[in-house]
Amino acid sequence: MPTRNATIARLTEPGVIAVVRTKHAEQVPPLAEALVAGGVIAIEVTLTIPDAPSAIRAVRAALGDRALVGAGSVLTATDARAVIQAGAEFVVSPICRPELVAIAHAADKPVMLGAGTATEAQTAHEAGADFVKVFSADVLGPAFIRAVRAPMPHLRMVPTGGVDLETLAVFVQAGSAAVGVGSSLITKSILAASDWPALTRMAARFVAAMRAARQPRPA
């Protein structure tokens, strides 16, 4: 089993975390295969999916170490224990729930706690969170990340919500450690048609955009 630090390193390279929401759990394994084929290896299976723990088990069995399969929308300690037992390799909450840290770290798994203010972001860090999920990023924007990290550069911030191919570079240049992408990557049309080749192509575009955004800018 990879260590927590090894998983943290993989979450930030290439640094695109796919946030998976679908009404049909049977879509999750082929969807995950398509993402990995496009270079997106970090897959956050949200608890809004019916029987999400079973979906996590299925993806882990299908992909093995080719992907990092985590759980999102984790709101309670009970949720955290359930997804870790199912095989989740990282835990993500949209809220600042400090008690999740001890549960995840006891299993040597990284955890990302949500924040919508500077105080929440620092609280998450002081609780031991490995990343701070900036949610919702379409409301807060890259300026929020830049402003918060100016006095608190130790924060590893991951914007989620509103990150797309047009805004990704601005979020990265504001100091984001990674980005969470949902409907701009796994679009409604892709899900409706189960168009996995299209998802692979979209994933590859996001990975390319991330690598371009991380290139040094001319002085």
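The values are calculated or read from the model by the stated rules, or taken from the named source; none is laboratory data. Keep in mind that this is a model prediction, so the values were computed, not measured. Every residue, glycine as well, gets a Cβ built from its backbone with ideal geometry; the counts of neighbours run over all protein chains shown.
Could you tell me whether G116 is in contact with a Cys (Cβ under 9 Å, 6 or more places away or on another chain), surrounded by fewer than 22 Cβ atoms within 10 Å (Cβ to Cβ) and over 19 Å from A80 (Cβ atoms)? If you could, list the steps in order and put the result at the bottom.
Numbers: in contact with a Cys (Cβ under 9 Å, 6 or more places away or on another chain): yes; surrounded by fewer than 22 Cβ atoms within 10 Å (Cβ to Cβ): yes; over 19 Å from A80 (Cβ atoms): yes.
Considered against the rule, which asks whether it is in contact with a Cys (Cβ under 9 Å, 6 or more places away or on another chain), surrounded by fewer than 22 Cβ atoms within 10 Å (Cβ to Cβ) and over 19 Å from A80 (Cβ atoms), G116 comes out as yes.
Looking at the range 87-101 only, could you name the residues that are closer than 23 Å to V59 by Cβ, assigned to a loop (DSSP other than H, G, I, E, B) and in contact with a helix residue (DSSP H, G or I) (Cβ under 9 Å, 6 or more places away or on another chain)? Talk me through it step by step, then tell me what you get.
First, pick out the residues of the range 87-101 that are closer than 23 Å to V59 by Cβ: 87-94, 100.
Keeping just the survivors that are assigned to a loop (DSSP other than H, G, I, E, B) gives 87-90, 93-94.
Passing the criteria: G87, A88, E89, F90, S93.
Let's see how each residue does on (1) surrounded by fewer than 14 Cβ atoms within 10 Å (Cβ to Cβ); (2) of a type in the set (S, T, N, Q); (3) within 25 Å of A208 (Cα to Cα); (4) in contact with a Lys or Arg (Cβ under 8 Å, 6 or more places away or on another chain):
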| residue | (1), (2), (3), (4) |
| --- | --- |
| R21 | no, no, yes, no |
| H24 | yes, no, no, no |
| V28 | no, no, yes, no |
| A42 | no, no, yes, yes |
| I49 | no, no, no, yes |
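Scanning the range 63-86 for residues that are among the aliphatic types (A, V, I, L, M), more than 13 Å from L47 (Cα to Cα) and either part of a loop (DSSP other than H, G, I, E, B) or at pLDDT below 95 (or both) turns up just one, A67. E166 meets each of the listed conditions (1) within 17 Å of the chain's Cα centre (by Cα); (2) charged (D, E, K, R); (3) modelled with pLDDT of 95 or more apart from (1).
If only residues of the range 45-93 that are aliphatic (A, V, I, L, M) and free of Cβ contacts under 8 Å to residues at least 24 places away in the same chain are counted, the one that is nearest to K133 (Cα to Cα) is V91.
For first residues located in the range 208-219 and over 15 Å from A177 (Cα atoms), partners that are surrounded by 14 or more Cβ atoms within 10 Å (Cβ to Cβ) and lie 6+ apart or on another chain with Cβ distances below 8 Å form the pairs R217/Q173.
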